[in-house]
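Note sheet for the following structure.
The values are calculated or read from the model by the stated rules, or taken from the named source; none is laboratory data. Since we're looking at a predicted model, the values are computed, not measured. Counting neighbours? That spans all protein chains shown, and the Cβs are built from the backbone with ideal geometry, glycine included.
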Amino acid sequence: MAVYTGLRQIRQRKAISNFLCLCVENKPAMTSLSFVDDSGALTLGQNSARSLSIDSQSACASRYAGVIFGFDLQKVMDTLHFFSAGAVCFARGLNDTPKIAALLLLAPGLILQEKIVLIALTMALGGLLNARRVAETMSHKITTISHGQGLSANLTTALLVIFASKLGLPVSTTHVSVGALFGIGLTTKKANNRMIASILLSWVLTLPCAALCAAGAYAVLKTYIGTV
């Protein structure tokens, strides 16, 4: 919320606004009657009317007009958005891969670097197979955001996860990113409260469910295998 509010104040002070587009629309053809000569003959004709309308996001892609330090702001925003998304991917690998690889520290036959590579490849495979639904939820179902708001969420996620990794704290990149989207939705008052409640419930239930499943698996293995 703080990052987005700060960027919005900068945009307002610089008088940066969204592009407006002029839309030319053809209305349905209208049939008309007209006299063509003195004999009273009638002809049928069709008149195609056009209307002009000015719109923003509903008719045009959300873009920013303006120049900062001699650079076109739209190009700057697009470039920063790509870099921020890459920073989130880096942060995920920096934090998620080691905490999963830690479970394999006692596995024989592989050195630590090989375990990290194996886990990273497995995470990539899992992302390709079934990550689209999570991406769709985060992109479209939590709140509607513009490019600038998405940049704010990406920067916040990357910085927090990288900082947590520096301190050796295992955090969920997805949780941090969803939290950033929550903050933007609350600031703009466009948050999907029902979806947020559903996600919060899943967060609350995940920890005890994981603990119960792990305890049950350990009990079964200890009973049928012996020392675990």
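Do we find a residue being assigned to a helix (DSSP H, G or I), farther than 25 Å from ALA91 by Cβ and of a type in the set (D, E, K, R) anywhere in region 150-171?
Filtering region 150-171 down to residues assigned to a helix (DSSP H, G or I) leaves 150-166.
Those still in the list that are farther than 25 Å from ALA91 by Cβ too: none.
Taking every residue of region 150-171 in turn, none turns out to be assigned to a helix (DSSP H, G or I), farther than 25 Å from ALA91 by Cβ and of a type in the set (D, E, K, R).
Which one of the conditions (1) among the aromatic types (Phe, Trp, Tyr); (2) at pLDDT below 85; (3) touching a strand residue (DSSP E or B) at 6+ places or on another chain (Cβ under 8 Å) does TYR224 fail to meet, given that it meets all the rest?
Of (1) among the aromatic types (Phe, Trp, Tyr); (2) at pLDDT below 85; (3) touching a strand residue (DSSP E or B) at 6+ places or on another chain (Cβ under 8 Å), only one is false for TYR224: (3).
Please go through region 108-121 and give me each residue that is within 36 Å of the chain's Cα centre (by Cα) and small (Gly, Ala, Ser), ordered by number.
Result: ALA120, single match.
Checking ILE184 against (1) surrounded by 16 or more Cβ atoms within 10 Å (Cβ to Cβ); (2) hydrophobic (A, V, I, L, M, F, W, C); (3) free of Cβ contacts under 8 Å to residues at least 60 places away in the same chain; (4) over 24 Å from PRO98 (Cα atoms), which test does it fail?
Of (1) surrounded by 16 or more Cβ atoms within 10 Å (Cβ to Cβ); (2) hydrophobic (A, V, I, L, M, F, W, C); (3) free of Cβ contacts under 8 Å to residues at least 60 places away in the same chain; (4) over 24 Å from PRO98 (Cα atoms), only one is false for ILE184: (3).
Please go through (1) assigned by TED's automatic domain parsing to the domain that holds VAL178; (2) at pLDDT below 75; (3) of a type in the set (Val, Ile, Thr) for ILE54 and return the number of the only condition it doesn't satisfy.
(1)
State which residue pairs qualify: first residue over 17 Å from LEU103 (Cβ atoms) and inside region 208-222, second residue of a type outside the set (Phe, Trp, Tyr) and surrounded by 10 or more Cβ atoms within 10 Å (Cβ to Cβ) in any location, beta carbons under 9 Å apart, and separation of 6 or more residues or different chains.
As it stands, the answer is LYS222/VAL228, since those pairs meet every condition given.
Per-residue answers, yes or no, for (1) in the same structural domain as VAL88 (by TED's automatic domain parsing); (2) farther than 29 Å from GLN12 by Cβ; (3) surrounded by 16 or more Cβ atoms within 10 Å (Cβ to Cβ):
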| position | (1), (2), (3) |
| --- | --- |
| LEU129 | yes, yes, no |
| HIS140 | yes, no, no |
| ALA215 | no, yes, no |
| LYS222 | no, yes, no |
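Give me the residue from region 142-160 that is in contact with a Ser or Thr (Cβ under 9 Å, 6 or more places away or on another chain) and over 18 Å from LEU80 (Cα atoms) and, out of that set, surrounded by the most Cβ atoms within 10 Å (Cβ to Cβ).
Here the answer is THR143.
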